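K.L.:
Starting off with a structure, shown below.
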(Lines give C-alpha, C1' and ligand atoms only; values in the text may rest on other atoms or scores of the structure.)
Protein backbone atom coordinates (compact mmCIF):
# COMPACT_ATOMS: atom_id res chain seq x y z
CA UNK A 1 0.00 0.00 0.00
CA UNK A 2 1.29 3.47 -0.87
CA UNK A 3 2.14 5.71 2.13
CA UNK A 4 -0.35 8.28 0.83
CA UNK A 5 -3.31 5.86 0.77
CA UNK A 6 -5.80 6.44 3.58
CA UNK A 7 -9.42 6.91 4.56
CA UNK A 8 -9.12 10.70 4.22
CA UNK A 9 -9.92 12.30 0.88
CA UNK A 10 -7.04 13.76 -1.15
CA UNK A 11 -6.11 17.12 0.37
CA UNK A 12 -3.78 18.41 -2.37
CA UNK A 13 -5.37 21.10 -4.50
CA UNK A 14 -6.81 24.59 -4.35
CA UNK A 15 -9.39 25.37 -1.69
CA UNK A 16 -11.46 28.60 -1.59
CA UNK A 17 -13.75 30.05 1.02
CA UNK A 18 -14.10 32.33 4.00
CA UNK A 19 -12.12 33.08 7.13
CA UNK A 20 -14.45 34.89 9.51
CA UNK A 21 -13.81 36.57 12.84
CA UNK A 22 -15.01 34.64 15.86
CA UNK A 23 -14.19 37.51 18.23
CA UNK A 24 -14.95 41.24 18.24
CA UNK A 25 -11.20 42.06 18.23
CA UNK A 26 -10.53 45.20 16.22
CA UNK A 27 -7.52 43.57 14.56
CA UNK A 28 -9.76 40.98 12.89
CA UNK A 29 -11.58 41.35 9.56
CA UNK A 30 -13.55 38.76 7.63
CA UNK A 31 -11.66 37.54 4.56
CA UNK A 32 -12.15 35.60 1.36
CA UNK A 33 -9.27 33.12 1.30
CA UNK A 34 -7.50 30.64 -0.97
CA UNK A 35 -5.41 27.76 0.38
CA UNK A 36 -3.09 25.95 -2.05
CA UNK A 37 -2.13 22.57 -0.58
CA UNK A 38 0.58 20.27 -1.95
CA UNK A 39 1.64 16.81 -0.85
CA UNK A 40 5.24 16.46 0.34
CA UNK A 41 7.10 13.58 -1.35
CA UNK A 42 7.77 10.66 1.01
CA UNK A 43 5.95 12.43 3.90
CA UNK A 44 2.36 11.27 4.36
CA UNK A 45 2.16 13.24 7.64
CA UNK A 46 3.03 16.68 6.18
CA UNK A 47 1.58 18.92 3.47
CA UNK A 48 2.73 22.34 2.26
CA UNK A 49 0.08 25.04 2.62
CA UNK A 50 0.13 28.50 1.06
CA UNK A 51 -2.67 30.64 2.51
CA UNK A 52 -3.74 33.78 0.69
CA UNK A 53 -6.47 36.35 1.17
CA UNK A 54 -8.21 38.13 -1.68
CA UNK A 55 -7.69 41.90 -1.67
CA UNK A 56 -9.15 44.00 -4.50
CA UNK A 57 -9.57 40.83 -6.58
CA UNK A 58 -5.95 39.67 -6.20
CA UNK A 59 -4.46 36.95 -3.98
CA UNK A 60 -2.11 38.26 -1.26
CA UNK A 61 -0.08 35.51 0.42
CA UNK A 62 -0.44 35.53 4.21
CA UNK A 63 1.91 32.62 4.82
CA UNK A 64 3.33 29.38 3.52
CA UNK A 65 4.84 26.35 5.19
CA UNK A 66 4.52 22.77 6.33
CA UNK A 67 1.39 21.64 8.21
CA UNK A 68 0.92 18.35 10.01
CA UNK A 69 -1.72 16.17 8.33
CA UNK A 70 -3.24 13.10 9.96
CA UNK A 71 -4.58 11.27 6.93
CA UNK A 72 -6.53 8.76 9.02
CA UNK A 73 -8.61 11.50 10.69
CA UNK A 74 -8.37 14.19 7.98
CA UNK A 75 -6.99 16.72 10.50
CA UNK A 76 -4.62 19.48 9.38
CA UNK A 77 -2.69 21.39 12.04
CA UNK A 78 -0.19 24.24 12.18
CA UNK A 79 1.01 25.23 15.63
CA UNK A 80 3.12 28.07 17.03
CA UNK A 81 3.63 29.28 20.61
CA UNK A 82 0.92 31.93 20.04
CA UNK A 83 -1.73 30.03 18.07
CA UNK A 84 -2.92 26.81 16.49
CA UNK A 85 -4.80 26.27 13.26
CA UNK A 86 -6.90 23.07 13.27
CA UNK A 87 -8.77 22.18 10.10
CA UNK A 88 -10.80 19.06 9.29
CA UNK A 89 -10.91 17.73 5.72
CA UNK A 90 -14.24 16.05 4.86
CA UNK A 91 -14.82 15.16 1.20
CA UNK A 92 -14.54 18.46 -0.72
CA UNK A 93 -14.79 20.69 2.39
CA UNK A 94 -12.38 21.97 5.02
CA UNK A 95 -13.75 23.46 8.25
CA UNK A 96 -11.81 24.63 11.27
CA UNK A 97 -10.52 27.29 13.59
CA UNK A 98 -7.62 29.47 14.57
CA UNK A 99 -7.28 29.31 18.37
CA UNK A 100 -4.99 31.59 20.35
CA UNK A 101 -2.72 30.41 23.18
CA UNK A 102 -5.29 31.62 25.75
CA UNK A 103 -7.87 29.25 24.12
CA UNK A 104 -9.76 32.10 22.41
CA UNK A 105 -11.20 30.96 19.08
CA UNK A 106 -10.11 33.87 16.87
CA UNK A 107 -11.20 32.72 13.39
CA UNK A 108 -13.46 30.15 11.79
CA UNK A 109 -12.54 28.86 8.34
CA UNK A 110 -14.77 27.21 5.75
CA UNK A 111 -13.27 26.10 2.41
CA UNK A 112 -14.46 24.17 -0.63
CA UNK A 113 -12.11 22.32 -2.96
CA UNK A 114 -11.95 23.69 -6.49
CA UNK A 115 -12.45 21.22 -9.34
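The values are calculated or read from the model by the stated rules, or taken from the named source; none is laboratory data. Computed from a predicted structure; not experimentally measured. Cβ: placed from backbone, ideal geometry, glycine included. Neighbour counts: every protein chain shown.
K.L.:
Take the residues in the stretch 50-87 that are in contact (Cβ under 8 Å) with a residue 40 or more places away in the chain and exposed (fewer than 13 other Cβ atoms within 10 Å of the Cβ), then tell me which one is nearest to residue 34 (Cα to Cα).
P.N.:
If we take residues in the stretch 50-87 being in contact (Cβ under 8 Å) with a residue 40 or more places away in the chain and exposed (fewer than 13 other Cβ atoms within 10 Å of the Cβ), then 73 is nearest to residue 34 (Cα to Cα).
K.L.:
Let me ask something additional. Can you find even one residue in the stretch 23-30 that is part of a strand (DSSP E or B) and either loosely packed, with under 15 Cβ neighbours inside 10 Å or in contact (Cβ under 8 Å) with a residue 12 or more places away in the chain (or both)?
P.N.:
So far as the stretch 23-30 goes, no, none of its residues is part of a strand (DSSP E or B) and either loosely packed, with under 15 Cβ neighbours inside 10 Å or in contact (Cβ under 8 Å) with a residue 12 or more places away in the chain (or both).
K.L.:
Residue check: is residue 98 within 16 Å of residue 20 (Cα to Cα), at pLDDT 95 or above and in a strand (DSSP E or B)?
P.N.:
Considered against the rule, which asks whether it is within 16 Å of residue 20 (Cα to Cα), at pLDDT 95 or above and in a strand (DSSP E or B), residue 98 comes out as yes.
K.L.:
Would you mention how many residues in the stretch 34-49 are touching a residue at least 24 places away in the same chain (Cβ under 8 Å) and closer than 19 Å to residue 79 by Cβ?
P.N.:
The qualifying residues number 7.
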